[in-house]
1. Do we have Y198 as free of Cβ contacts under 8 Å to residues at least 24 places away in the same chain and either open to solvent by less than 10 Å² (accessible area, probe 1.4 Å) or part of a helix (DSSP H, G or I) (or both) here?
2. Count, please, the residues in region 40-78 that happen to be within 19 Å of the chain's Cα centre (by Cα), in a loop (DSSP other than H, G, I, E, B) and under 21 Å from D101 (Cα atoms).
3. For a quick check of your reading: which strands (runs of 3 or more DSSP E) sit entirely within region 116-161 and have at least 2 residues that are surrounded by 15 or more Cβ atoms within 10 Å (Cβ to Cβ)?
4. When residues of region 27-39 are filtered for being open to solvent by less than 50 Å² (accessible area, probe 1.4 Å) and either assigned to a helix (DSSP H, G or I) or at pLDDT 95 or above (or both), how many remain?
5. When the residues of region 6-26 are filtered to those that are assigned to a loop (DSSP other than H, G, I, E, B) and in contact (Cβ under 8 Å) with a residue 24 or more places away in the chain, which remaining residue is nearest to F173 (Cα to Cα)?
6. Sort out which residues of region 215-274 are within 30 Å of E22 (Cα to Cα), among the charged types (D, E, K, R) and in a helix (DSSP H, G or I), and write them in order of number.
7. Among (1) among the small types (G, A, S); (2) over 25 Å from N114 (Cα atoms); (3) at pLDDT below 85; (4) open to solvent by 50 Å² or more (accessible area, probe 1.4 Å), where does S78 come up short?
8. So D110 passes all but one of these: (1) part of a strand (DSSP E or B); (2) under 24 Å from E69 (Cβ atoms). Which condition number does it fail?
Amino acid sequence: MKKYDFCCIGHITLDKVVTPNETVYMPGGTSYYVSQAIRRLNHADYLLVTAVGESEVSVIDDLRTNGIEVINFPSRHSVCFENIYEKDMNNRKQKVSAKADHFTVEQLNDIEANIFHIGALLEDDFSLDTIQFLAGKGLVSVDSQGFLREVRDTQVHAIDWKEKLEAMKFIHFLKANEHEMYVLTGYNYEYEAAKKLYEWGVKEVLITLGSEGSVLYDGTYFYTIPAYQPKQIVDATGCGDTYMAGYLYQRVQGVGMEQAGHFAAALSTLKIERFGPAQATNDEVQQCMKTAEKRYKK
């Protein structure tokens with residue numbers, strides 16, 4: 001089995017995105033947004049592992065047509081999300097009308113990669129055993145948001161990650177936004193939250209602060225990354241996933257944390273200017289980093 005530089009594992013969803021201006025139906029989910037961003041960045045050694053119902057098989061075919069290698073496990077259903085945004089695009093409400101089957105160690109046994117990005121959408125997508133198993137094969141990256149979502153009668157409820165202390169021991173990269181860091185650590189201050197997550201075992205902590213940038217921590221240094229001002233705000237769905245795609249794309253190539261954070265932030269800005277996933281090239285990201293207005297947390 002080929003060993004990939006970068007593998008993303010997660011469900012592709014069927015999304016309904018409602019904004020004050022319009023309603024759009026589109027594929028989504030961490031794995032979809034990461035894969036589409038990586039496709040335009042021309043990263044050859046990338047693999048997507050997903051599980052979808054029959055309704056989303058055409059999305060898999062489209063990804064393959066566009067050069068993404070995909071392993072798709074059958075699922076009784078695809079995840080169906082409804083994302084409802086207020087005028088402030090940092091705020092949204094979510095509903096889930098269908099769930100997909102969770103991933104298992106047996107499914108992932110023959111997959112090899114240097115970095116595994118776990119794109120959990122809901123708290124039961126990945127077991128602790130699966131995280132531990134992947135950590136024995138490569139560096140594990142996690143976006144915490146999915147592990148903090150529980151579905152009750154289609155409503156998405158915020159919960160704490162029950163197995164977080166055990167899981168953090170196996171996680172190299174962890175991303176959390178300002179709300180998720182508080183749920184995980186009890187700290188509202190990003191620097192204290194980052195220190196606590198590192199203390200629990202995470203090697204590279206990424207705290208994203210929406211339109212106020214992000215903070216990275218490696219146990220020694222804090223890196224303050226600006227947000228790049230978009231030309232227009234169209235759709236914030238998938239911005240966190242796009243940030244991780246940009247960051248891991250850089251890190252797997254040996255780029256340092258700070259520069260990877262700048263690249264990730266700029267890629268996210270280009271994504272927010274349009275509906276759907278990021279479609280930016282390397283050159284466009286570099287241009288954004290040079291020319292866009294930078295915004296830091298006040």
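The values are calculated or read from the model by the stated rules, or taken from the named source; none is laboratory data. No experiment lies behind these values; they were computed from the predicted model shown. Glycine also receives a Cβ, built like all others from the backbone with ideal geometry; neighbour counts cover every protein chain displayed. Side chains are part of the model used for accessible areas, which takes the heavy atoms of the whole protein and leaves out ligands, DNA and RNA. Shrake-Rupley method; radii C 1.70, N 1.55, O 1.52, S 1.80 Å.
1. On the way: free of Cβ contacts under 8 Å to residues at least 24 places away in the same chain: yes; either open to solvent by less than 10 Å² (accessible area, probe 1.4 Å) or part of a helix (DSSP H, G or I) (or both): yes.
Yes.
2. Matching residues across region 40-78 total 1.
3. Working: elements: 139-143, 149-152, 155-158.
Those strands (runs of 3 or more DSSP E) span 139-143, 149-152.
4. Restricting attention to region 27-39, the residues satisfying the condition of being open to solvent by less than 50 Å² (accessible area, probe 1.4 Å) are 27-38.
Add one more test, that the residue is either assigned to a helix (DSSP H, G or I) or at pLDDT 95 or above (or both), and what stays is 30-38.
Within region 27-39, residues that are open to solvent by less than 50 Å² (accessible area, probe 1.4 Å) and either assigned to a helix (DSSP H, G or I) or at pLDDT 95 or above (or both) number 9.
5. As a first pass, look at region 6-26 and keep what is assigned to a loop (DSSP other than H, G, I, E, B): 10-12, 19-22.
Add one more test, that the residue is in contact (Cβ under 8 Å) with a residue 24 or more places away in the chain, and what stays is 10-12, 19-20.
Values: G10: 16, H11: 20, I12: 22, T19: 31, P20: 34 Å.
Across region 6-26, the extreme among qualifying residues is G10.
6. D241, K271
7. (4)
8. Among (1) part of a strand (DSSP E or B); (2) under 24 Å from E69 (Cβ atoms), D110 violates only (1).
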